[in-house]
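The values are calculated or read from the model by the stated rules, or taken from the named source; none is laboratory data. In this text the structure is predicted, and so the values were computed from the model without any measurement. Reconstructed Cβ throughout: ideal geometry from the backbone, glycine too, with neighbour counts over all protein chains shown. With ligands, DNA and RNA removed, areas are computed over all heavy atoms of the protein, side chains included. Shrake-Rupley method; radii C 1.70, N 1.55, O 1.52, S 1.80 Å.
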Amino acid sequence: MSETVIETRNLSKTFVRDSFEIHALEDVNLQLHRGEFVALMGPSGSGKSTLLHLIAAMDRPSSGQIVTLGQDLATLDDHDIARWRNQHIGFVFQTFNLIPVLTALENVELPLKLTRLKKAERLAHARTALELVGLGDRMHHTPRQLSGGQEQRVAIARAVVTDPDLILADEPTGNLDAVSAREVLTLLSRLNQEFGKTVVMVTHDPHAAHAAQKIRYLDKARLLPEGDVPEDWTMAATQKR
Amino acid sequence: MFKYLSLILKNSVRSKRRSALTVLSIAASLCLLGVLGAFYHVFFLDPPTEEQALRLWVRNRISLANPLPLAYQQRIAGAPGVRDVMVFQWFGGTYKDREAKNFFARFAVEPERLFSIYPEYRVAEDQKLAFQRERTACMVGRKLADRLGFKLGDRIVLEGDIFPVRLELTVRAVYDSPRDNENLLFHFEYLKESMPGYRGEMVSNFVIAARSAEEVPHIAEAVDAMFRNSAQQTKTETEKAFELSFLAFIGNVKVFLLSVCSAITFTILLVSGNTMAMSVRERVREVGILKTLGFTRGAILGVILAEAVVIALLGGIIGMFIAAGILDLMSRAPSIATDMSRLTLPPLIWGLCLAVSIFVGAVSAFVPAWNASRRSIVEALRFTD
């Protein structure tokens, strides 16, 4: 059995909005292993993104425990969590979220600025990452000068430039056309297979989910047992077909 | 923070129009602050020159309009520490007409004492002798000579007002001086003999040259004590204090200047604060992104504050260069209330104004930057303006 990289125990998250309590996650128990490529699927509001944010320590759980890469995140303060995130997590957003005033190269270099690397080393790493995603000829373009697919590939380069253990992608193909989406999924699969990165991807798209080795479903804030699919989800898929 | 420089600089000019307007508004305010600061420096902080530090002025305790007996000169000369005493009489009068361009200060002095009490007045030896020898001679400052085209040998007629006489003077010398080089100086003896009787025996001021700067305070006390029981009591003060007393005629200039400077600083704080708040608000999402990449609260706070400081400092530097230009023009203009030639932007005011810029930048951005840095990642990523 390979090493467990994510383990959640009775993980719950409740948001309070205008005095209403919203249960975004309830008693989620999940184990993911090194080198896995897992897709998290489920209807809107099922808690997929919330789970991803908790795994990345971008948010704190209301109750339960989460151990990512052997680290109980509850024991870290904000400063240490930021450093931990920089070293171990690469995050890819649906809306790319590049800094518009920086070039592709500068965007990719940004997480490395938090390391002790010298400028020349940082730039060398950033160039390598951009070449890896096939954008060696777009290094000095700003996000406005890139297509959506290219922007997302820059975002993936930024996510992998620190050589993180875990790549978390929140609807990475949600804003892309079919061709660009396929390129991005191929890239994520390559990172998983060639570089052994553990990838957790939240998606609505069943085609995208098929790029993953395993699909886990969330429904009404709960993680369904492995192999189970939400009832509404099956019906919708059948109607689509 | 240096490694974030490209991010800071690029963010500073993200909205070019807004940044330019903010820089210009700060530049305009800092320019005004610099000019007022330069005035404050000249009036209250500029140390007296070596020669100035040795001079004291004596006037009637009641006011400048009340004269002192000429006979006081001999008694003052006997006070301990006094090296020399000279009459310095404001003449007033009119040259040609009452147009402002023809206005300049005219004083009756004692030429044989003048150059020992005012060693900073530099004049060619032959001109000096010519001025001292001839009773109707006068000496003009270089700046005045340039302004009104006076040349050696020119005849200048002054129609008196306070003194009901007509003086016909000949320019015999032109002096250079680091300050006060816009005066016309002529023989007190000429004025005295033109004003026979009581008026010729009264003068507005005496200028004392002390033997050393240490003796200056004692001389002031001794001279005033000497005439305490006289009909015309004296007020003796340093030249610097005497100059400042003219400012007091228009009110408490020190408080006025400081109040205006404070108001300017407060106003730019508000303008800058509003701009910085808008700028940070537009980028709350990016704060979430930076945090996702591993930026700490402190790093985010630092980056946003640095952006604000860059903008404010740029405005400050531009403003100070404009202020230096304005002060240079003012220093060339004719002096009216004070000697404008001393108006420059000293390093102290440069430093203070740039410090104000940095303060404005940092303070105006602190609250929005602090709030943004404390926002949770999820909240920041969901933020829509």
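Using Cα centres only, tell me the gap between region B:150-208 and region A:92-167 in whole Å.
Result: 80 Å between the Cα centres.
Using only C-alpha atoms and all pairs of different ones, pull out the Kirkwood radius for region A:4-240 in Å with one decimal.
18.4 Å
What helices does chain B hold that run 27 Å or longer along their axis, going by alpha-carbon atoms, with a Kyte-Doolittle average of 1.0 or more, using DSSP H for the helix calls?
What comes out of the filter, once short or polar helices are dropped, is B:16-40, B:253-281, B:297-332, B:347-374.
Once you place label points 7 Å from the Cα toward the Cβ at B:Glu221 and B:Asn66, how far apart are they in nm?
Going by the 7 Å Cα→Cβ label model, 2.4 nm.
What is the calculated FRET efficiency for B:Gln74 to B:Ala100, with r their C-beta to C-beta distance and R₀ = 25 Å, to the nearest 0.05?
The computed FRET efficiency comes out at 0.05.
If R0 is 51 Å, what FRET efficiency do you get for A:Glu21 and B:Leu24 from their C-beta distance, rounded to 0.05?
Once rounded, the FRET efficiency stands at 0.50.
Any idea how many Lys pairs in chain A come in under 23 angstrom at the alpha carbon, given 8 or more places apart or on separate chains?
10
Starting from the Cα of B:Ala248, step 7 Å along the direction of its Cβ; do the same at A:Ser63; then give the gap between the two resulting points in nm.
In this crude label model, B:Ala248 to A:Ser63 measures out at 7.9 nm.
Helix-derived [θ] at 222 nm for the protein assembly as shown: sum -39500 (n - 2.57) over DSSP H runs of at least 4, divide by residue count, nearest 500?
The helix contribution divided over the protein assembly as shown gives -14000 deg cm²/dmol.
GluC sites (Glu not before Pro), restricted to region B:1-105: which are DSSP loop and have at most 10 other Cβ atoms within 10 Å?
Within region B:1-105, the qualifying GluC sites (Glu not before Pro) (loop, at most 10 other Cβ atoms within 10 Å) are B:Glu50, B:Glu99.
Relative to the first principal axis of the alpha-carbon coordinates of chain A, what is the inclination of helix A:148-160, with its axis defined by its Cα atoms, in degrees from 0 to 90 and to the nearest 10?
Helix A:148-160 sits at roughly 90 degrees to that axis.
Based on the alpha-carbon gyration tensor of region B:52-250, what equivalent-ellipsoid semi-axes (square roots of 5 times the eigenvalues) come out, in whole Å, largest first?
In descending order, the three semi-axes are 27, 19, 16 Å.
Using a 1.4 Å probe over the heavy atoms of the protein chains, calculate the carbon and sulfur portion of the accessible area of region A:109-241 as a whole percent.
Of all accessible area on region A:109-241, carbon and sulfur atoms account for 50 percent.
Taking the Cα centre of each part, how many Å lie between region A:175-203 and region A:1-57?
Each part reduced to its Cα centre gives a spacing of 20 Å.
Identify the residues of region B:81-101 with backbone N under 19 Å of a label point that sits 7 angstrom from the Cα of B:Arg228 along the Cα-to-Cβ direction, or state none.
B:81
By how many degrees, 0 to 90 and rounded to 10, does the Cα axis of helix A:178-193 deviate from the longest principal axis of chain A?
The angle comes out near 90 degrees.
Pulled fully out, how much extra length does the chain show between B:Asp84 and B:Thr170, if you take 0.36 nm times their separation in residues and subtract their Cα-Cα distance?
Extending this stretch completely gives an extra 28.3 nm.
Ballpark to the nearest 100 Å², how much total accessible area do B and A bury together, probe 1.4 Å?
Buried area (both sides, nearest 100 Å²): 2300 Å².
So which residues in region B:250-295 end up with at least 30 square angstrom less accessible surface once the other protein chains are there, compared with the chain by itself, probe 1.4 angstrom?
B:Arg285, B:Glu286, B:Ile289, B:Thr292, B:Leu293, B:Gly294, B:Phe295
Tell me, which residues of region B:2-22 get at least 20 Å² less accessible area when the other protein chains come in, versus the chain alone (1.4 Å probe)?
B:Lys3, B:Tyr4, B:Ser6, B:Leu7, B:Lys10, B:Arg14
Give, ordered by residue number, each residue of region A:87-102 whose 1.4 Å probe accessible area is reduced by a minimum of 20 Å² on adding the remaining protein chains to the chain alone.
Residues losing area: A:Phe93, A:Asn97, A:Ile99, A:Pro100, A:Val101, A:Leu102.
Label B:Arg332 and B:Phe44 with points 7 Å out from Cα along Cα→Cβ: what is the distance between them in nm?
Placing both labels 7 Å along Cα→Cβ, they lie 3.0 nm apart.
I'd like the FRET efficiency for B:Lys3 and B:Arg382, computed as 1/(1 + (r/R0)^6) with the beta carbon distance as r and R0 of 22 Å, rounded to 0.05.
Step by step, r from the Cβ atoms, then E = 0.15.
Using every Cα-Cα pair within region B:125-204, state what percent have a distance larger than 15 Å.
57 percent
With a 1.4 Å probe and all protein chains left in place, how much accessible area per residue does chain A have, in Å²?
Heavy-atom accessible area per residue stands at 46 Å².
Counting only protein heavy atoms and using a 1.4 Å probe, what share of the accessible area of chain B belongs to carbon plus sulfur, as a whole percent?
62 percent
What number comes out for accessible area per residue over chain B if the probe is 1.4 Å? Units Å², please.
Dividing the accessible area of chain B by its residue count gives 46 Å².
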